[in-house]
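Below you'll find the structure, written out as structure tokens, and then a few comments.
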Amino acid sequence: MTFKVGDAVLVLDEAMSGTVKKTKGATITIETSDGFLLDFESHELVKKASKNAIKNEFLSHSDVKAAINDKERSAKRKQPKTRAKDRYEPTMEVDLHINQLVKSAKGMSNHEMLTLQLDTAKRQLEFAISKRIQKMVFIHGVGEGVLKIELEYLLGRYGNIKFYDANYQKYGVGATEVYIYQNPVEN
């Protein structure tokens, strides 16, 4: 629909009307009865029938269909885009560094620390499986690699998961990503 300066218009989906003050491409500037200047896209406005116009003006089926299609197209464009990278990010991170698990590791032997870390990993993995969380990351750090080896041994005991090094750019080499199959195949 084309608009010209001076046309009386109604705003679709809002209880607002005004007079066209300026047109620039598909952007129409209207002045409301309160004196505010507002910009709208042309598909958001309809001309208001003047008092001299025929009172029973009907739109054809094709006009209605075209207006609906315009409205749907504009609604589709406004949906926020999510980057493909963000869609595949793990939904759960578990930091296994000992200082994240206890207030103080003072007095704990290496064996006790490792046992606590592995118990935490197992508990969090069981939680993720029960809540149907598909991806998670265990942050184990680099160190001497003992925790990573033990973690891989623990993860290898599950048949419904696969694991691999996590995203290097985000975690470096100190993390393992776990993918949990939601419908494991029974043999």
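Here, each number is a calculation from the coordinates, and none is a lab measurement. From a predicted model like this one, the values you see are computed outputs, not experimental measurements. Here the Cβ positions follow ideal geometry from the backbone for every residue, glycine too, while neighbour counts run over all protein chains shown.
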Does any residue in the stretch 107-126 that is among the acidic types (Asp, Glu) come within less than 9 Å, Cβ to Cβ, of a residue that is surrounded by fewer than 17 Cβ atoms within 10 Å (Cβ to Cβ) six or more places away or on a different chain, and which pairs are these?
112/105
Within the stretch 147-164, restricting attention to residues that are of a type in the set (A, V, I, L, M, F, W, C) and surrounded by 13 or more Cβ atoms within 10 Å (Cβ to Cβ), which residue is nearest to residue 112 (Cα to Cα)?
147
Cβ-Cβ under 6 Å pairs, at least 6 apart or on other chains, the stretch 160-185 side in contact (Cβ under 8 Å) with a residue 40 or more places away in the chain, far side outside any helix (DSSP H, G or I) and of a type in the set (Phe, Trp, Tyr)
177/164; 178/163
Picked from the stretch 165-187 (must be of a type outside the set (S, T, N, Q) and touching a strand residue (DSSP E or B) at 6+ places or on another chain (Cβ under 6 Å)), the residue surrounded by the most Cβ atoms within 10 Å (Cβ to Cβ) is 178
Considering residues of the stretch 2-48 that are β-branched (Val, Ile, Thr) and loosely packed, with under 13 Cβ neighbours inside 10 Å only, the residue farthest from residue 72 (Cα to Cα)
5
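Within the stretch 17-42, track down each residue that is outside any strand (DSSP E or B) and in contact with a strand residue (DSSP E or B) (Cβ under 6 Å, 6 or more places away or on another chain).
26, 42
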